[in-house]
1. Return yes or no: is Ser270 among the hydroxyl-bearing types (Ser, Thr, Tyr), open to solvent by less than 50 Å² (accessible area, probe 1.4 Å) and either in a loop (DSSP other than H, G, I, E, B) or on the phi > 0 side of the Ramachandran plot (or both)?
2. So Thr326 passes all but one of these: (1) open to solvent by less than 40 Å² (accessible area, probe 1.4 Å); (2) within 17 Å of Gly195 (Cα to Cα); (3) of a type outside the set (Phe, Trp, Tyr). Which condition number does it fail?
3. Considering only residues that are among the polar types (S, T, N, Q) and under 27 Å from the mean Cα position of the chain (by Cα), which ones fall in segment 285-319?
4. Checking Val336 against (1) among the β-branched types (Val, Ile, Thr); (2) open to solvent by less than 10 Å² (accessible area, probe 1.4 Å); (3) in a loop (DSSP other than H, G, I, E, B), which test does it fail?
5. Hey, can you tell me all the residues within segment 180-213 that are modelled with pLDDT under 95, open to solvent by 60 Å² or more (accessible area, probe 1.4 Å) and either more than 16 Å from Ser259 (Cβ to Cβ) or in contact with a Lys or Arg (Cβ under 6 Å, 6 or more places away or on another chain) (or both)?
6. Evaluate the following for Phe315: is it part of a strand (DSSP E or B), in contact with a helix residue (DSSP H, G or I) (Cβ under 9 Å, 6 or more places away or on another chain) and under 24 Å from Gly281 (Cβ atoms)?
7. Criterion first (under 30 Å from Pro176 (Cβ atoms) and either among the basic types (Lys, Arg) or touching a residue at least 24 places away in the same chain (Cβ under 8 Å) (or both)) does Met241 satisfy it?
8. Mind checking which residues of segment 220-248 are outside any strand (DSSP E or B), more than 21 Å from Ser258 (Cβ to Cβ) and open to solvent by 40 Å² or more (accessible area, probe 1.4 Å)?
Amino acid sequence: MTSPGVFQHADSSSLRSCNGAQDARQNIVASLIILHLSGATKKGTEKQATSETQRSVQCGTWTKHADGGIFTSPNYPSKYPPDRECIYIIEAAPRQCIELYFDEKYSIEPSWECKFDHIEVRDGPFGFSPIIGRFCGQQNPPVIKSSGRFLWIKFFADGELESMGFSARYNFTPDPDFKDLGVLKPLPVCEFETGGPEGIVESVQITKEGKASASEAVDCKWYIRAPPRSKIYLRFLDYEMQNSNECKRNFVAVYDGSSAVEDLKAKFCSTVANDVMLRTGLGVIRMWADEGSRNSRFQMLFTSFQEPPCEGNTFFCHSNMCINNTLVCNGLQNCVYPWDENHCKDQTAS
């Protein structure tokens, strides 16, 4: 069993830190540090969520420094308040990793397996990224190193027994996976806007519209806006990653509602990319490719749709989709199943 101060350390064979081990999980682009707060209390030995009506208040700090930064628990070095949950997401630049250090002036309510007040650190940008450790008690955590560009840190305090808390600093180190490629040059601005009943977004637009040369690393975004009350269906027509399964080097990601990390819907960097159904009318497609991955490519058809009952100017797709009538027999499959193209030859013949 683990001690009360350190819980759930990841097996060293399952993570790759910036000292040279293999990346265990795909990392994506997120905001530099994102924070939010919610509440929780403890009843007996169990934590209970606070009422949904309790007002959330931001805690911690929001910092961005090219050479690193510092963040602390609320009120540090005084006692942190009860009922706090602060989440920090730290992002390094491409080809960098993160080192995280906790000050020796550190104290978090101890508990068995850190069930109550604690710090939780994960190797990636999400609350479901591989766990590195959960920490509490009087001994500050060891130096933490990420496997890639992100660390997810949660500070949780329940309703009892507050303590001093923590101060943490972070800095960035070169990712050894790219030691032979040198420092990445500044990336060109690369964004596209589109919308309507349907359309095509594709990687060839990058060079065709002069956003970047064929030899430059790119981090491009396509913003797709559906008509009012509509959602978006995305279908890949073409997809290939030059460096397959190397997500640090190339990927295509789909976001649903914004380009923020919490709205990531899917990310593709292997040999297969699946169709994606969005729940909102704003889709963001993102393509990352470093200098040695510019032969990576994709082409995607987007279709705006409404949910049934279908209106008079729409076609029912038999898949909970109503698409614009103009998309029927247009030579492209806009429905999940090809109902919109099934009887087109019969109509042409008549």
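The values are calculated or read from the model by the stated rules, or taken from the named source; none is laboratory data. Note that the structure is a prediction, hence the values are computed from the model and not measured. No Cβ is skipped: glycine too gets one built from the backbone with ideal geometry, and neighbour counts run over all protein chains shown. Quick note on the areas: whole protein, heavy atoms, side chains included, nothing else; ligands and nucleic acids left out. Shrake-Rupley method; radii C 1.70, N 1.55, O 1.52, S 1.80 Å.
1. The answer is yes for Ser270.
2. Unmet condition: (1).
3. Result: Ser293, Asn295, Ser296, Gln299, Thr303, Ser304, Gln306.
4. So the condition that Val336 fails would be (2).
5. Within segment 180-213, Asp180, Leu181, Val183, Lys185, Pro186 qualify.
6. yes
7. For Met241, the condition - under 30 Å from Pro176 (Cβ atoms) and either among the basic types (Lys, Arg) or touching a residue at least 24 places away in the same chain (Cβ under 8 Å) (or both) - is met.
8. Answer for segment 220-248, where residues must be outside any strand (DSSP E or B), more than 21 Å from Ser258 (Cβ to Cβ) and open to solvent by 40 Å² or more (accessible area, probe 1.4 Å): Gln242, Ser244, Asn245, Glu246, Lys248.
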